[in-house]
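The structure appears right after this line, and notes come after that.
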């Protein structure tokens with residue numbers, strides 16, 4: 001598989017990863033042969049990048065922490081909860097809890113896998129992809145920090161629903177028009193779910209607080225901010241930077257650029273220890289990413305080294321069809337080479 005910008009997608013190519021709608025239904029299945037109509041539709045719904053099957057990179061696997069069944073269930077329960085909040089109706093904590101149990105089981109069974117956030121975003125599913133990404137990052141950080149099963153479940157629910165207060169914001173209204181209002185709305189919504197730990201509600205309330213006291217809504221600092229929202233703050237900032245249009249950027253950043261932003265905020269805004277654990281679980285050059293090396297050769301990331309996120313293995317292909325030279329460059333041993341640019 002290879003990760004490409006939509007401008008490079010051509011009719012006849014096969015889709016490498018399934019594209020989901022906001023409620024978990026499949027928009028396009030992996031393996032489908034793309035038509036002009038499909039490509040135009042993907043452009044129309046806001047897709048900017050896709051995974052495409054490529055014979056030269058057919059063996060490149062994108063680690064999936066969640067099974068398709070779990071992923072669709074989480075999408076569905078998230079969508080139903082958000083829709084219920086928007087309409088002022090009740091929603092089932094039992095169903096959300098059940099989907100989170102499945103999510104935790106999937107993640108903890110693969111906790112040694114480096115996390116690669118590869119879900120395809122559309123205008124329709126962006127808030128749900130964001131919620132799931134924040135949840136996955138938070139759970140993996142929490143697991144690395146030694147949280148027990150009960151703590152991880154509270155953290156996972158709080159992370160998944162950290163932005164539920166945005167469901168009460170009118171369409172077209174920005175968060176600047178009510179800075180911190182969505183955190184209070186989220187707190188009020190979740191604290192009424194008496195079957196859940198109150199820390200879940202505080203995660204929604206505090207995830208925009210900063211260690212130096214410059215955050216919102218209450219300007220808390222240091223240890224006055226609970227560990228769960230300190231973890232979620234890292235996951236939230238990172239995925240916002242990847243998504244673009246939020247997190248202080250107008251366009252989406254590449255994973256390595258987003259990591260640099262987070263490291264710059266260490267200890268001032270973000271929890272240093274949680275950030276260290278974040279760097280141990282995240283892949284900053286995901287498999288399938290086309291890159292240019294410092295020697296000007298171009299290739300595609302094909303595998304990772306745990307603990308060395310900036311030194312993956314690159315497959316370099318030179319020449320033309322019928323006369324190709326293929327080699328693999330392991331940056332963990334090629335110490336004078338580095339990734340100069342991401343080309344997707």
On the phi < 0 side of the Ramachandran plot, without any contact (Cβ under 8 Å) to a residue 24 or more places away in the chain and touching a strand residue (DSSP E or B) at 6+ places or on another chain (Cβ under 9 Å): does that describe residue 300?
-> no
Among the residues listed as 343, 293, the single one being in contact (Cβ under 8 Å) with a residue 24 or more places away in the chain, within 20 Å of the chain's Cα centre (by Cα) and more than 30 Å from residue 227 (Cβ to Cβ) = 343
Among the residues of region 320-344, the number that are outside any loop (DSSP other than H, G, I, E, B) and surrounded by 11 or more Cβ atoms within 10 Å (Cβ to Cβ) is 9
Does region 1-17 hold any residues that are modelled with pLDDT of 95 or more, surrounded by fewer than 21 Cβ atoms within 10 Å (Cβ to Cβ) and assigned to a strand (DSSP E or B), and which are they?
-> 14
In region 117-126, is there at least one residue being at negative phi and part of a helix (DSSP H, G or I)?
-> yes
Test: residue in region 311-319 that is under 18 Å from the mean Cα position of the chain (by Cα) and either without any contact (Cβ under 8 Å) to a residue 60 or more places away in the chain or surrounded by 15 or more Cβ atoms within 10 Å (Cβ to Cβ) (or both) = no
Do the conditions hold for residue 50, that is, is it in contact (Cβ under 8 Å) with a residue 24 or more places away in the chain and within 30 Å of residue 200 (Cβ to Cβ)?
-> no
Filter region 208-241 for residues that are assigned to a helix (DSSP H, G or I) and over 14 Å from residue 159 (Cα atoms); the one that is modelled with the highest pLDDT is 224
Which of the residues that make up region 30-56 are in a loop (DSSP other than H, G, I, E, B) and exposed (fewer than 12 other Cβ atoms within 10 Å of the Cβ)?
-> 31, 35
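Taking the stated definitions as given, is residue 281 in contact with a strand residue (DSSP E or B) (Cβ under 9 Å, 6 or more places away or on another chain) and surrounded by 18 or more Cβ atoms within 10 Å (Cβ to Cβ)?
On the way: in contact with a strand residue (DSSP E or B) (Cβ under 9 Å, 6 or more places away or on another chain): yes; surrounded by 18 or more Cβ atoms within 10 Å (Cβ to Cβ): yes.
It is true that residue 281 is in contact with a strand residue (DSSP E or B) (Cβ under 9 Å, 6 or more places away or on another chain) and surrounded by 18 or more Cβ atoms within 10 Å (Cβ to Cβ).
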Has region 245-267 got any residue that is over 20 Å from the mean Cα position of the chain (by Cα) and at positive phi?
-> yes
Considering residues of region 136-150 that are without any contact (Cβ under 8 Å) to a residue 40 or more places away in the chain and not in a loop (DSSP other than H, G, I, E, B) only, the residue nearest to the chain's Cα centre (by Cα) | 139
Inside region 308-333, can you point out the residues that are more than 18 Å from residue 258 (Cα to Cα) and out of contact with any strand residue (DSSP E or B) (no Cβ under 9 Å at 6 or more places or on another chain)?
-> 320, 321, 322, 323, 333
Residue pairs within 7 Å by beta carbon, gap of at least six or interchain, first lying in region 6-35 and at positive phi, second assigned to a strand (DSSP E or B) and surrounded by 18 or more Cβ atoms within 10 Å (Cβ to Cβ), listed first then second, are 31/15
Based on what the data block shows, is residue 137 closer than 22 Å to residue 28 by Cβ, crowded, with 18+ Cβ neighbours inside 10 Å and in contact with a strand residue (DSSP E or B) (Cβ under 8 Å, 6 or more places away or on another chain)?
-> no
From 81, 22, 73, residue being over 30 Å from residue 289 (Cβ atoms) and either assigned to a helix (DSSP H, G or I) or modelled with pLDDT under 95 (or both) = 81
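The values are calculated or read from the model by the stated rules, or taken from the named source; none is laboratory data. Source: prediction; values computed, not measured. When we count neighbours, we look across all protein chains shown, and the Cβ atoms used for this are built from the backbone with ideal geometry, even at glycine.
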